[in-house]
Amino acid sequence: MPFYDVVQQHFNSDDLKAIDQSLDALERALENKTQNLTPDERKRYGSINEVNKLFVNKVYDFSKAQPSTASPDVDWTEFAADYEDRSILETRLARLRSLMEIMENAKILHDFDNFQNALVDYSFTQYKKDTDAGGFVTKYQALRQFFPRAGGASIPVETTV
């Protein structure tokens, strides 16, 4: 039984299929509504900060509450559509960020489990190599490259992955 198994829940083929189908559906839903920006375009168009978002919100509110004060030079139908799409995308981005954090946390735990168990296996390999058991010298030599001798310790104390 492994010593380190922080996370015990694993994905099965049905889980992966559902995730991949959801991602495929999301990609299809976005493909005709979005465009890739070059790094220069991202810099050029940028992202409005929170104060400017409040400004846009206030202009939109005035256009709705007092349409007689709205500039005739603005296509208010397009402005409203952009405003609605911006809101739609912002809420979905928040959900996706949350999902990304959940997935990153799960990956961190799986990485931790793998690393800790790899350390256990490395210690076992060292032990078996020292007992002259067959095949362990080659394995030990292949693995020891990951543990440069610093201060005499052969297994790193730090387990950050």
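Let's see how each residue does on (1) under 11 Å from the mean Cα position of the chain (by Cα); (2) modelled with pLDDT of 95 or more:
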position: ALA81; (1), (2): no, yes
position: ASP85; (1), (2): no, yes
position: ALA94; (1), (2): no, yes
position: ARG97; (1), (2): yes, yes
position: MET100; (1), (2): yes, yes
position: GLU104; (1), (2): yes, yes
position: LYS107; (1), (2): yes, yes
position: ASN117; (1), (2): no, no
position: ASP121; (1), (2): no, yes
>> Here's a check for you: in the stretch 25-79, which residue that is part of a loop (DSSP other than H, G, I, E, B) and over 28 Å from the mean Cα position of the chain (by Cα) is surrounded by the most Cβ atoms within 10 Å (Cβ to Cβ)?
In response: ALA70
>> Quick check on ILE19: is it surrounded by 10 or more Cβ atoms within 10 Å (Cβ to Cβ), part of a loop (DSSP other than H, G, I, E, B) and not small (Gly, Ala, Ser)?
In response: no
> Can you tell me which of PHE136, PHE124 is free of Cβ contacts under 8 Å to residues at least 12 places away in the same chain, aromatic (Phe, Trp, Tyr) and over 24 Å from VAL7 (Cβ atoms)?
Replying inline: PHE136
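The values are calculated or read from the model by the stated rules, or taken from the named source; none is laboratory data. Here the structure is a predicted model, which means the values were calculated and not measured. Cβ sites come from the backbone with ideal geometry, for glycine too, and all protein chains shown count toward neighbours.
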